[in-house]
1. Output the residue which, of all residues in region 226-237 that are part of a strand (DSSP E or B) and within 16 Å of the chain's Cα centre (by Cα), is farthest from His198 (Cα to Cα).
2. Which of the residues that make up region 196-224 are touching a Lys or Arg at 6+ places or on another chain (Cβ under 9 Å) and assigned to a helix (DSSP H, G or I)?
3. Would you confirm whether or not region 102-115 contains a residue that is in a helix (DSSP H, G or I) and either more than 26 Å from Trp39 (Cα to Cα) or in contact with a helix residue (DSSP H, G or I) (Cβ under 8 Å, 6 or more places away or on another chain) (or both)?
4. Picking from Ala82, Ala95, Ala163, Ala88, which residue would you name as being over 22 Å from Gly434 (Cβ atoms) and surrounded by fewer than 20 Cβ atoms within 10 Å (Cβ to Cβ)?
5. Which of (1) free of Cβ contacts under 8 Å to residues at least 12 places away in the same chain; (2) under 24 Å from Ala210 (Cβ atoms) does Gln401 not meet, given it meets every other one?
6. Can we say Ser249 is touching a residue at least 60 places away in the same chain (Cβ under 8 Å) and in a helix (DSSP H, G or I)?
7. Taking only pairs six or more apart or across chains, which ones have beta-carbon atoms under 7 Å, a first residue in region 258-276 that is over 20 Å from Gly206 (Cα atoms), and a second residue that is in a helix (DSSP H, G or I) and at pLDDT 95 or above?
8. Tell me whether region 362-373 contains one or more residues that are over 23 Å from Gln316 (Cβ atoms) and either assigned to a loop (DSSP other than H, G, I, E, B) or among the aliphatic types (A, V, I, L, M) (or both).
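The values are calculated or read from the model by the stated rules, or taken from the named source; none is laboratory data. The shown structure was predicted, so the numbers you read here are calculated from the model rather than taken from an experiment. Here the Cβ is made from the backbone with ideal geometry for all residues, glycine too, and neighbour counts use every protein chain on show.
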Amino acid sequence: MPFVTLNPATNQLIHTHTSWDSRALESALEKSGRAQQVWAKTSFASRAAVLRKVAAQLFTQRDRYATLITLEMGKPMSEARAEVEKCAGTCEYYAKNGEEFLRTETIASDAAHSYVVYNPLGVVLAVMPWNFPFWQVFRAAAPALMAGNAMVLKHAPNVPKCALAMEAVFRDSGLPEGVFTNLMIEVEQVAEVIGSSHIHAVTLTGSEAAGRKVAATAGQCLKKCVLELGGSDPFVVLHDADMELAVSSAVSSRFLNCGQSCIAAKRFIVVPQIADDFLRRLKISVEALKLGDPMLEDTQIGPMARSDLRDTLHRQITESIKQGAVAVTGCKPVEREGFFYQPSILDQVTSQARAYHEELFGPVAIVMRASSEDDAVRLANETRFGLGSSIWSRDVARAEQLASRIQAGCTFVNGMVKSDPRLPFGGIKSSGYGRELSRLGIHEFVNAKTVWIR
């Protein structure tokens, strides 16, 4: 079947691409396996040189790549540029630090000499989503390639031009052919790829449902797997929070990328003393957001990526309202071409509402009213997700104490949750397992091999 891509801002056809058959897929996997064996023998300096060239090309061609992102998934241009720049910075980070992260470690034992060496695993399959079509790929690819692995990419079907552009970036930067390969395959072919003898590990960023399927297949094949799945991040506002900072950060976190981010703040948990003030300020800021053509510089809210995503979001909202949630602003699609949805707020969201239990992947903030700080922590943890979280208070010591009780892969105090190549990133519970980025991320896809000498 062909991949059909629509411009989410206009609902107009952009292009179609033909998917591969099994013969083309097997040929690509064989080529990747051979290329990885050669790449693994190159020096860290040679690998770093390629990553630096990749970073340079991303910087110099930033606007061209940002335009591709915006055309295929609707992200405002300003955000798309920032995404490309972040990819370049991450390539530079691993070019600079990768060798040190993988340096052989001498460990005293009963041997005359014993040490641990970090060898690449082989070929890593990356199954990646559409919401950050460049960033999700580069944050996995940069450490994996620096470690001496090869990568094959199964990208989301609505961003094929982004996938092909990234493959070209690596090729044009001197990465040997086959070390990074874009697979034009259907979702149904992923299990076949995981089972291939040429594949040694899998990394996926995507939905909880996709993660369960990939993890099950990888488990059957006994292959290493890292999963970064959905999130419903709590944003806990205490009575002594800097309200101006909290509200501005709330809007940035929730409505970046039209709310289509795993680590967006999604559940705004407020204590009684400031609940009404926070909601009043939040409503003013949300209603001031400018929705429109994502190609325009002043647009803050673009379209959602696909019509089915918008329809699902609206069903979640309408059902939650029937179940007791209060529509404060927005809460319906925009009557215009494209897949636009109004920036929205739901208040009084309780456990009776669908929005309480599910991730809302779109421009909707839900407000939960806690009876106390302890109740706020309870609400923060009363979810099957555990990706990010944040706490807002002028009493940093108190906030840190509460942060230690929140079940998540990270907790930010007085800051918006974000990924940073210097810090490990990943979740717990139904948000997945394993870590990306930092020293921990590059160690996910290596063989920590012990060498013992009498």
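1. Of the residues in region 226-237, the ones part of a strand (DSSP E or B) are 226-228, 233-237.
With within 16 Å of the chain's Cα centre (by Cα) added as a condition, the list becomes 226-228, 233.
On the way: Val226: 18, Leu227: 20, Glu228: 23, Asp233: 37 Å.
So, considering only residues that are part of a strand (DSSP E or B) and within 16 Å of the chain's Cα centre (by Cα), the one farthest from His198 (Cα to Cα) is Asp233.
2. Glu208, Thr217, Ala218
3. First pass over region 102-115, keeping only residues in a helix (DSSP H, G or I): none.
Within region 102-115, none of the residues are in a helix (DSSP H, G or I) and either more than 26 Å from Trp39 (Cα to Cα) or in contact with a helix residue (DSSP H, G or I) (Cβ under 8 Å, 6 or more places away or on another chain) (or both).
4. Working: Ala95 fails: surrounded by fewer than 20 Cβ atoms within 10 Å (Cβ to Cβ); Ala163 fails: surrounded by fewer than 20 Cβ atoms within 10 Å (Cβ to Cβ); Ala88 fails: surrounded by fewer than 20 Cβ atoms within 10 Å (Cβ to Cβ).
Testing whether each residue is over 22 Å from Gly434 (Cβ atoms) and surrounded by fewer than 20 Cβ atoms within 10 Å (Cβ to Cβ) leaves just Ala82.
5. That leaves (2) as the condition not met.
6. Values: touching a residue at least 60 places away in the same chain (Cβ under 8 Å): yes; in a helix (DSSP H, G or I): yes.
Here the answer is yes, as Ser249 does meet what is asked.
7. Phe268/Ala250; Ile269/Ala376; Ile269/Leu379; Ile269/Ala380; Val270/Phe278; Val271/Glu373; Val271/Ala376; Ile274/Met243
8. Here is the first cut: in region 362-373, the residues over 23 Å from Gln316 (Cβ atoms) are 371-373.
Filter again for either assigned to a loop (DSSP other than H, G, I, E, B) or among the aliphatic types (A, V, I, L, M) (or both), leaving 371-372.
Within region 362-373 (the criterion being over 23 Å from Gln316 (Cβ atoms) and either assigned to a loop (DSSP other than H, G, I, E, B) or among the aliphatic types (A, V, I, L, M) (or both)), the answer is yes, since at least one residue qualifies.
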